[in-house]
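What follows is calculated from the coordinates using simple rules that are stated; it is not laboratory data. The structure displayed is predicted, hence computed values, not measured ones. Every residue, glycine among them, receives a Cβ derived from its backbone with ideal geometry; neighbour counts consider all protein chains shown.
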């Protein structure tokens, strides 16, 4: 599962804030609640930890731990149930001076489901699980194949995860003795087609409904990869539309998967920014053809947002966090789609130069 730009922004901001705090002793409480896990069981566990904390020798540490647990318990009781993706909760005394009390609690429903249950009391908030979520990149499908073998996998970040390996019954190019060349060739062609169909079925099963899939990368030696993709109805149109590139490679096994990824670095780099470029270009085209369907600049866009007429909001990543938060809060009220746009592309620079904020409107506004 991949993160949207604003999901990544908010998660990164959350982690960055909690990284600022350090406890003098092991008194910061971190709790991760997996998706589907009952909050009442977490609360009961924290109550038990409160009882255990009474045995801490240092009065200051003891009080800070008990207070942090109490604040967390009170906070969890505000939830009607565990959110769909689980929950990460953090609490502790973050007062600047020792002996003072400023016990705070933070919680976030992560954009990627929590799989781990954790309770930890330490000098730091335990943020590694959230950091790992930030490192999750888009998922790409990988297919390496020839007339006899195929390996299907996904690329998640820098990790290749094999899914399916299949071997066909296609005979070698040398015919068996006593068999006519024509008959042998016909049998071989039928076996190759059966192999292609099986690979196409695997692709449909694995990738047609895969969440977060950005596209498919296909590779292999010789012409067989083109025969699979273009030669017949082996791959459904819905899956075929997801194919980003076809590359010549040497192998059809795990080595082939790595070779395919290496050969596709240019494609992968472009895909990461393609969506941003597309949405900015859409705004710029409208600006040229029908300027009443577009707004840009902080003041004009905020005015349109508050009127509820913004369909898509574009925010440059050079904006400060407070401004991004302000625009997103208003956008959320009206169901506006938000895109955070980097300045790594020419289009992103154009948005920055237009006032760092742009909008595609639901209908034209003539002022």
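What number, rounded to the nearest 500 deg cm²/dmol, is the helix-based mean residue ellipticity at 222 nm of the chain, given -39500 (n - 2.57) per DSSP H run of at least four residues and division by all its residues?
Values: 12 runs with 159 residues, N = 367.
Roughly -14000 deg cm²/dmol at 222 nm, from the helical runs in the chain.
List the relative contact order of the range 139-263 as a percent without decimals, with contacts defined as Cα pairs under 8 Å and 6+ residues apart. Mind showing how you got there, number by number?
Working: 209 pairs, mean separation 40.0, N = 125.
Averaging sequence separation for qualifying contacts and normalising by length gives 32 percent for the range 139-263.
Can you give me the relative contact order of the range 274-361 as a percent, contacts being Cα pairs under 8 Å and 6 or more apart?
Numbers: 127 pairs, mean separation 39.6, N = 88.
RCO, the range 274-361: 45 percent.
For the residue pair residue 205 and residue 337, what label-to-label distance in nm results when each label sits 7 Å from Cα along the Cα-to-beta-carbon direction?
Simple spin-label model gives 3.3 nm for this pair.
Over the alpha-carbon set of the chain, divide Rg by the Kirkwood Rh and report the Rg/Rh ratio to two decimals. All intermediate terms of the calculation are to be shown ahead of the outcome.
Working: Rg = 27.4 Å, Rh = 24.8 Å.
Taking Rg over the Kirkwood Rh, I get 1.11.
By the gyration tensor of its Cα atoms, with a ≥ b ≥ c the square roots of the eigenvalues, what is the shape of the range 233-313: rounded for a/c under 1.5, prolate for a/b over b/c, or oblate? It would help to have the intermediate numbers written out before the result.
On the way: a/c = 3.77, a/b = 2.78, b/c = 1.36.
Since a/c reaches 1.5 and a/b is larger than b/c, the shape of the range 233-313 is classed as prolate.
Mind checking the full-extension length gain between residue 41 and residue 265? Use 0.36 nm per residue of separation minus the Cα-Cα distance, one decimal, nm.
On the way: separation 224, 0.36 × 224 = 80.64 nm, distance 4.62 nm.
Gain in length upon complete extension: 76.0 nm.
Once the Cα atoms of helix 181-207 and of the chain are each reduced to a long axis, what angle between those two axes, in degrees from 0 to 90 to the nearest 10, is obtained?
Long axis of 181-207 versus the principal axis of the chain: about 10 degrees.
What percent does the relative contact order of the chain come to when contacts are Cα pairs within less than 8 Å and at least six residues apart? Show your work: numbers first, answer last.
Working: 609 pairs, mean separation 50.7, N = 367.
Averaging sequence separation for qualifying contacts and normalising by length gives 14 percent for the chain.
Starting from the 7 Å offset along Cα-to-Cβ, what nm value, one decimal, do you get for the label separation of residue 21 and residue 198?
5.7
Could you work out how far apart the two model spin labels at residue 123 and residue 322 are, taking each label as a point 7 Å from the Cα in the direction of the beta carbon, and quote it in nm?
3.3
Please work out the Cα convex hull volume for the range 5-135 and give it in Å³ per residue. Please report the intermediate quantities before stating the final value.
Values: hull volume 12.5 nm³, N = 131.
Per-residue hull volume (Cα only) is 95 Å³.
Helix 59-76 versus the longest principal axis of the chain: what is the Cα-based angle in degrees, 0 to 90, to the nearest 10?
Once rounded, one gets 60 degrees.
Mind ordering 302-315, 107-120, 60-73 by average Cβ neighbours within 10 Å, highest first?
Details: 302-315: 19.1, 107-120: 16.3, 60-73: 20.6.
Put in order of decreasing packing, that is 60-73, 302-315, 107-120.
How far is helix 321-333 tilted, in degrees, relative to the longest principal axis of the Cα atoms in the chain, given as a value from 0 to 90 rounded to the nearest 10?
With both axes taken from Cα atoms, the answer is about 80 degrees.
Enter the Cα centre distance for the pair the range 66-85 and the range 251-327, rounded to the nearest angstrom.
With the range 66-85 and the range 251-327 each reduced to a Cα centre, they are spaced 36 Å.
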